[in-house]
Amino acid sequence: MKSLLLVLLSILIQTIGLMTGQPVQAAAIDNGSFMSLWNSYSHCQSTTDIDQLREDALTLASAADGSLTQESFILPLPSKLEELVSTPVARFAVDVKAMAAACSLRAGSAAVEAKRVDIAKDLLQAILTYQPQSEYSYYSLQAKALLSELDASVIKVTLNLP
């Protein structure tokens, strides 16, 4: 009887090991795609071309918006145990959202200098969506300052028209 119980227990442990050894399907960024994001961020910091800056900012912003959701995390457990397991937090060595905000701020500033107001407004408005979170307040304040300069320059141009 003990040997039968031992055999059943070992089969159960092996089965659980195989089930948990399956790859977890998650929206987290793997190392290869993270390196491409880092390359986009580095390129954003070094380029002066407005269109390239905008493209880098949009790439980083879309990556920052993609986060790990409850539906994307699958861990094969019995339903009673699933209730006790929470979704793991996606953790990175750097904050992708801060990278996106910094790149958008740089791109927006460059667009303001190049008098491409429509692009500047789009990029700077995107930063304001991060505003409720205090760790992005620097970027939000800088974006608001640039947007207020844009609004003031529009008023000045409007007043100078005959």
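Pick from the stretch 32-53 the residues that are of a type in the set (G, A, S) and within 15 Å of the chain's Cα centre (by Cα): which of them is farthest from R106 (Cα to Cα)?
Here is the first cut: in the stretch 32-53, the ones of a type in the set (G, A, S) are 32-33, 36, 40, 42, 46.
Still in the list and also within 15 Å of the chain's Cα centre (by Cα): 33, 36, 40.
Details: S33: 22, S36: 19, S40: 13 Å.
Step by step, filter the stretch 32-53, then rank; the result is S33.
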Restricting the stretch 37-87 to residues that are among the hydroxyl-bearing types (S, T, Y), surrounded by 12 or more Cβ atoms within 10 Å (Cβ to Cβ) and at pLDDT 70 or above, which is farthest from D118 (Cα to Cα)? S42
Which numbered condition in (1) within 30 Å of Q125 (Cβ to Cβ); (2) at pLDDT below 90; (3) over 21 Å from the mean Cα position of the chain (by Cα) is the only one that S10 fails? (1)
So, first residue under 17 Å from A57 (Cα atoms) and among the aromatic types (F, W, Y) in the stretch 125-153, second residue part of a helix (DSSP H, G or I) and modelled with pLDDT under 90, Cβ within less than 6 Å, six or more apart or across chains; the pairs are Y130/Y136
For A102, are the conditions met, namely being surrounded by 24 or more Cβ atoms within 10 Å (Cβ to Cβ), in a helix (DSSP H, G or I) and not basic (K, R)? no
Take the stretch 105-119 and flag every residue that is of a type outside the set (A, V, I, L, M) and either in a helix (DSSP H, G or I) or under 13 Å from the mean Cα position of the chain (by Cα) (or both). R106, G108, S109, E113, D118
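The values are calculated or read from the model by the stated rules, or taken from the named source; none is laboratory data. Remember, it's a predicted structure, so these values are computed and weren't measured experimentally. Using ideal geometry, Cβ is built from the backbone for each residue, glycine included, and neighbour counts are taken over all protein chains shown.
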